[in-house]
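Below: one structure, written as structure tokens.
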Amino acid sequence: MLVIAIEEHGNVRRAAEALHMTQPAASKLLKGLEDLVGVPLFDRQPRAMVPTWYGESMIRHARIALSSLGEAGSEIEALKAGHAGSVAIGAIAGPAMTLLPPALARVSQAYPDLRVSLVVEGSDVLLEQLAQNKIDLMIGRLFARHDKRHLHYQPVAEEEVCAIARPGHPLLSLENPQLQDLASASWVVPPEGSILRHRFELMFQSAGLDPPRRMIGTAALVVLPRLLQDSDNLAVVPVDVARHYLQHGIAEIVPLELSCGMDSFGFITRTDWLLSPGACAVLDTLKDAASQIYAPRKAQGRRGG
């Protein structure tokens, strides 16, 4: 608590006040810790104390330790109240549509007192939430730009994408639509900076075409049906999302294979953080459900090839 307080307040005196300690006691505690680890944790500058590299490492682990203690308290209170704890899951859109509903139904049946919360976001947002302990585990992707030092990744499946349109869209009447037909359409696409947005635009450029000029960028799948129904927009989405819309009569799949598919996704957990018993149970259930949902697709893909 002391090293975190020094980082936040900039000096020992204000850190001691925040922790209701005397300044001499705080200084002695800090010196004892530095003597114990054998390295300086802070640079003593005229106007502030700045963490050294060693100090930044100590502060990061101190935050993890305090967060873990907080989780322990919450878990014990939940157990005392008759609950089996809580688990927060993050997922990208495709598996959120396909994997999570049947898996969470099993969790609800097997662990009726376990409280589960779900966040559906892009992988970048989920990885940040995982690092901040806002979620316990996630289903998403890792790319070269991500720091993987404290992450464990178990691949699950690849994710195909496709174009969808509202039922009755003029493009669906074409017997054999081509990419140039799609280039002149208006689109709902992922936001700028996303991998799929980049690959979507690159698909047209690689074919010698200008990317569509009329594009609405959003990651909010909740508004996508209305954006399709109230216009002639097309949308690029994971195939699992498209099948969900197709099943409910919201959209139809444009019969043209797109070359802007996504990399495989998988289960991601932290190696520097222990999952609670409830989180372990949920992860095991998710893995079992994934083996039943995605293994037949892999086998069908091999037979088709």
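Can you send over the carbon and sulfur percentage of the accessible area for the chain, probe radius 1.4 Å, protein chains only?
Reported share for carbon and sulfur atoms: 54 percent.
For the range 173-188 and the range 148-162, compute the distance between their C-alpha centroids and round to whole Å.
30
First select every other residue whose beta carbon is under 11 angstrom from the beta carbon of residue 103; then total the charges, Lys and Arg +1, Asp and Glu -1.
Values: positive: 106, 287; negative: 284, 288.
Summing Lys and Arg as +1 and Asp and Glu as -1 gives 0.
Could you provide, to the nearest whole Å², the per residue accessible area of the chain with probe 1.4 Å? Present the calculation step by step, with values, prior to reporting the outcome.
Numbers: 16920 Å² over 305 residues.
On a per-residue basis, the chain sits at 55 Å².
With only alpha-carbon atoms in the gyration tensor, what are the semi-axes of the equivalent ellipsoid for the range 176-256, in Å, largest first? Mind showing how you got there, number by number?
Details: eigenvalues 81, 44, 28 Å².
Largest first, the range 176-256 gives 20, 15, 12 Å.
Taking amide H positions as placed 1.01 Å from N in the peptide plane, with prolines and chain starts having none, which residues 5 or more places from residue 119, or on another chain, fall under 5 Å of its amide H?
Close amide H contacts, sequence-distant or interchain: 89, 90, 91.
How far is it, in nm, from the label point at residue 39 to the one at residue 65 when both lie 7 Å from their Cα along the line to the Cβ?
1.6
I need the per residue convex hull volume for the range 148-305, using only the alpha carbons, in cubic angstrom as a whole number.
157
If you find the alpha carbon centre of the range 9-54 and of the range 87-103, how far apart are they in angstrom?
Rounded to whole Å, the Cα centres lie 44 Å apart.
Scan around residue 162 for amide H atoms under 5 Å from its own, H built in the peptide plane at 1.01 Å from N, and keep only partners 5 or more places away or cross-chain.
For residue 162, the qualifying residues are 237, 239.
I'd like the projected area of the range 108-152, averaged over all directions, using the convex hull of its alpha carbons. Report it in nm² with one decimal. Could the numbers behind the result be given before it?
On the way: hull surface 15.9 nm².
Dividing the Cα hull surface by four gives the mean projection, 4.0 nm².
Place +1 on the Cβ of every Lys and Arg and -1 on the Cβ of every Asp and Glu in the chain, take the dipole about the Cα centre, and give the residue among 116, 231, 53 whose Cα lies farthest towards its positive end.
Projecting each Cα onto the dipole axis, the largest value belongs to 53.
To the nearest 20 debye, what charge dipole does the chain have about its Cα centre, counting +1 at the Cβ of each Lys and Arg and -1 at the Cβ of each Asp and Glu?
Numbers: 29 positive and 33 negative charges, 95 e Å.
Dipole of the chain, to the nearest 20 debye: 460 debye.
Can you give the net charge of the other residues whose Cβ lies under 13 Å from the Cβ of residue 126, counting K and R as +1 and D and E as -1?
It works out to a net charge of -1.
Please list, ordered by chain and number, the residues whose modelled amide H lies under 5 Å from the amide H of residue 234; skip anything fewer than 5 residues away on the same chain.
Amide H neighbours of residue 234, under 5 Å, 5+ apart: 186, 187, 188.
How high is the relative contact order of the chain, in percent, counting Cα pairs under 8 Å that sit 6 or more residues apart? Walk me through the numbers before you get to the answer.
Values: 431 pairs, mean separation 63.5, N = 305.
Normalised by residue count, the contact order of the chain is 21 percent.
Using only Cα atoms, figure out Rg for the chain and give it as a multiple of 2.2 N^0.38 Å.
On the way: Rg = 25.0 Å, N = 305, 2.2 N^0.38 = 19.3 Å.
For the chain, the normalised Cα radius of gyration comes out at 1.29.
Please list the equivalent ellipsoid semi-axes of the range 19-139, computed as the square roots of five times the alpha-carbon gyration tensor eigenvalues, in descending order and whole angstrom.
So the three semi-axes of the range 19-139 are 40, 20, 10 Å.
Name the residue from 193, 68, 269 whose Cα lies farthest towards the positive end of the charge dipole of the chain, charges +1 on Cβ of Lys and Arg and -1 on Cβ of Asp and Glu.
Projecting each Cα onto the dipole axis, the largest value belongs to 68.
Send over the semi-axes of the range 1-80's equivalent ellipsoid, whole angstrom and largest first, taken as the square roots of 5 times the C-alpha gyration tensor eigenvalues.
Working: eigenvalues 134, 43, 25 Å².
Semi-axes, largest first: 26, 15, 11 Å.
The values are calculated or read from the model by the stated rules, or taken from the named source; none is laboratory data. Note that this is a predicted model, so its numbers are computed, not measured. All Cβ positions, even for glycine, are placed from backbone atoms using ideal geometry, and neighbour counts span all protein chains on display. Surface accessibility is based on the protein's heavy atoms, side chains included, excluding ligands, DNA and RNA. Shrake-Rupley method; radii C 1.70, N 1.55, O 1.52, S 1.80 Å.
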